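Asks: Have a look at the structure that comes next, please.
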């Protein structure tokens, strides 16, 4: 079983997007899929992890090589349109945090038992 994504050796960057959804589902899943498909095709994109709980609270973390790559993504037209729709229809609240990953490490039970 694979857990998470493989990221390069630090340093790299993460964008942490936390949000509380509204009850409006009108096109959300399709738009969300399109936004992340577009992000995955851009230079500097390293991967994504996300979750949403039963109460509509969620987090998406995207990983990027550089701050310039993140800035390019923030200016992408599809992403900008999705942000506007999110404010109008899909989110009660959201917050974005941009972080530099300076160190990472992991534990994997499968490797410990092998």
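Each value in this text was obtained by applying a stated rule to the coordinates, not by laboratory testing. Note that the structure is a prediction, hence the values are computed from the model and not measured. Here the Cβ positions follow ideal geometry from the backbone for every residue, glycine too, while neighbour counts run over all protein chains shown.
Asks: Answer yes if at least one residue in segment 88-98 is more than 15 Å from the chain's Cα centre (by Cα), buried (at least 16 other Cβ atoms within 10 Å of the Cβ) and assigned to a helix (DSSP H, G or I), and no otherwise.
Replies: Going through segment 88-98, the residues more than 15 Å from the chain's Cα centre (by Cα) turn out to be 88-93.
Those still in the list that are buried (at least 16 other Cβ atoms within 10 Å of the Cβ) too: 90-91.
Those still in the list that are assigned to a helix (DSSP H, G or I) too: 90.
Within segment 88-98, one or more residues are more than 15 Å from the chain's Cα centre (by Cα), buried (at least 16 other Cβ atoms within 10 Å of the Cβ) and assigned to a helix (DSSP H, G or I).
Asks: Continuing with this model, one more query. More than 28 Å from residue 104 (Cα to Cα) and either surrounded by fewer than 12 Cβ atoms within 10 Å (Cβ to Cβ) or more than 14 Å from the chain's Cα centre (by Cα) (or both): is that true of residue 26 in this structure?
Replies: Against the criterion (more than 28 Å from residue 104 (Cα to Cα) and either surrounded by fewer than 12 Cβ atoms within 10 Å (Cβ to Cβ) or more than 14 Å from the chain's Cα centre (by Cα) (or both)), residue 26 qualifies.
Asks: Does segment 48-76 hold any residues that are in a strand (DSSP E or B), loosely packed, with under 14 Cβ neighbours inside 10 Å and in contact with a helix residue (DSSP H, G or I) (Cβ under 9 Å, 6 or more places away or on another chain), and which are they?
Replies: Once the filter is applied, which keeps residues that are in a strand (DSSP E or B), loosely packed, with under 14 Cβ neighbours inside 10 Å and in contact with a helix residue (DSSP H, G or I) (Cβ under 9 Å, 6 or more places away or on another chain), segment 48-76 yields only 50.
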